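*Asks:* Dropping a structure here in structure tokens format, bear with me for questions.
Derivation of every value follows stated rules applied to the coordinates shown; laboratory data play no part. Here the structure is a predicted model, which is why all the values come from computation and not from measurement. Methodologically, a virtual Cβ is constructed for each residue, glycine included, from the backbone with ideal geometry; neighbour enumeration extends over all protein chains shown.
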Amino acid sequence: MRTLDWNLLRAFHMTATAGSLSAAARQTGLTQPTLSRQVSALEAELGIALFDRIGRKLVLTLAGADLLAYSRSMGEAAEAMALAASGRVQEIGGRVSLSATDSYAAYILPDIVARIRAAAPQITIMVVASNALSDLHRREADIAIRHVKPDRPGLVGQHICDTEAHFYASDDWIARNGMPAGPADLARGDLICFEDAAHFADFMKGIGIPVDAADFRLASDSAVAIWEMVRRGLGIGGMLREVADRTPGVRRVAPDLPPIPVPVWLVTHRELEQSPRIRLVQAILAEELSRLPERRPAAGH
């Protein structure tokens, strides 16, 4: 029985799934001429054409499409064996799920995910946008971006940086209502409540803003929804500085009010620490998130 060279099959598989020799070369680290020779060698070995060459494009023939199904199974098996040999504790496949607050998921993570995709296009990223803490023990997420230190056994936390939150209003709201100068002005200034009114009022009082639960006329359990209301001039809302810095048309109010400190933690389960995919994604997250405090506030912020 004829035995096919796995290197030739791999060259075909990577070229077919990547869509071009240039893309396959970037993924494999091989040169385009090497991949082209290997694909041609496989075609010669099998006695069939696997691609139609149309200009610079490669289009699978019917025979090539049939063979791709077999090579895909072989590729997945080879990858699984390589990952098992790398000492991973548990099989994760090609997916890494990231949990973050909805504001981080909407405004901060997209740029970071773009870098992860560029560095590791084979990884599937699932973003879980939730203001509740994901249960990492139950695998609701693989990595969580949190603003509190992990306190459950089995979780590993990395303190990335400390950022801060302030109160903001739109230029339109300020033009209509004036600039709030201090805590008393904020209390009278259409504060938008986040989640439970009683708890939010207690938090506001704790930082010196004299409000009661009955004072709020707008509320939401979504920081993104609150920020959109702020942006549209409906009231004043709290937001992380790095999100506000990316939003035109809003200004920090009550500038003498001390900032609200917000720690940034990366948390995962100890059993996932040896996963190459988890390590790669976590390293990029840590590098990008650590830069947040370095970014200077935009004018008016």
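*Asks:* Tell me, what is the percent relative contact order of segment 180-268, built from C-alpha pairs under 8 Å that lie six or more residues apart?
*Replies:* Rounded, it is 34 percent for segment 180-268.
*Asks:* Now for a different question. If amide hydrogens are placed 1.01 Å from N in the peptide plane, which non-local residues have theirs closer than 5 Å to the one on Val262?
*Replies:* Thr163, Glu164, Ala165
*Asks:* Work the Kirkwood hydrodynamic radius out for segment 6-85: mean of 1/r over every pair of different alpha-carbon atoms, inverted, in Å.
*Replies:* 12.7
*Asks:* Based only on other Cβ atoms within 10 Å, what is the fewest-to-most ordering of Ile143, Ile125?
*Replies:* Ascending Cβ contact count within 10 Å gives the list Ile125, Ile143.
*Asks:* Rounded to whole Å and ordered largest first, report the semi-axes of the equivalent ellipsoid of the chain derived from its Cα gyration tensor (root of 5λ).
*Replies:* 52, 22, 15
*Asks:* Hey, what do the phi angles of segment 215-224 turn into as Karplus ³J(HN,Hα) couplings, whole Hz, using 6.51/-1.76/1.60 and θ = phi - 60°, x for Gly and Pro?
*Replies:* Ordered by residue, 3J(HN,Hα) equals 7, 7, 10, 10, 8, 7, 8, 10, 5, 5 Hz.
*Asks:* Taking Cα pairs under 8 Å and at least six residues apart, what relative contact order does the chain come out at, in percent?
*Replies:* Reported relative contact order: 21 percent.
*Asks:* Helix-only mean residue ellipticity at 222 nm, the chain, DSSP H runs n ≥ 4 weighted -39,500 (n - 2.57), per residue, nearest 500. What is it?
*Replies:* Numbers: 12 runs with 127 residues, N = 301.
-12500 deg cm²/dmol, from helical runs alone.
*Asks:* Apply 1/(1 + (r/R0)^6) to the Cβ-Cβ distance of Ile54 and Ala114, taking R0 = 41 Å, and write down the FRET efficiency to the nearest 0.05.
*Replies:* Rounded to the nearest 0.05, the efficiency is 0.85.
*Asks:* Rg/Rh for segment 164-273: what does it come to with C-alpha atoms and Rh from Kirkwood?
*Replies:* We get a ratio of 1.02 for segment 164-273.
*Asks:* Can you give me the Cα centroid spacing of segment 6-48 and segment 167-228 in angstrom?
*Replies:* Measuring centre to centre over Cα atoms gives 59 Å.
*Asks:* Further question: Which angle between 0 and 90 degrees, to the nearest 10, do you get for helix 276-290 versus the longest principal axis of the chain when only C-alpha atoms count?
*Replies:* On a 0 to 90 degree scale, this one is about 40.
*Asks:* Peptides 185-191, 21-27: what's the order by average Cβ count within 10 Å, highest mean first?
*Replies:* 185-191, 21-27
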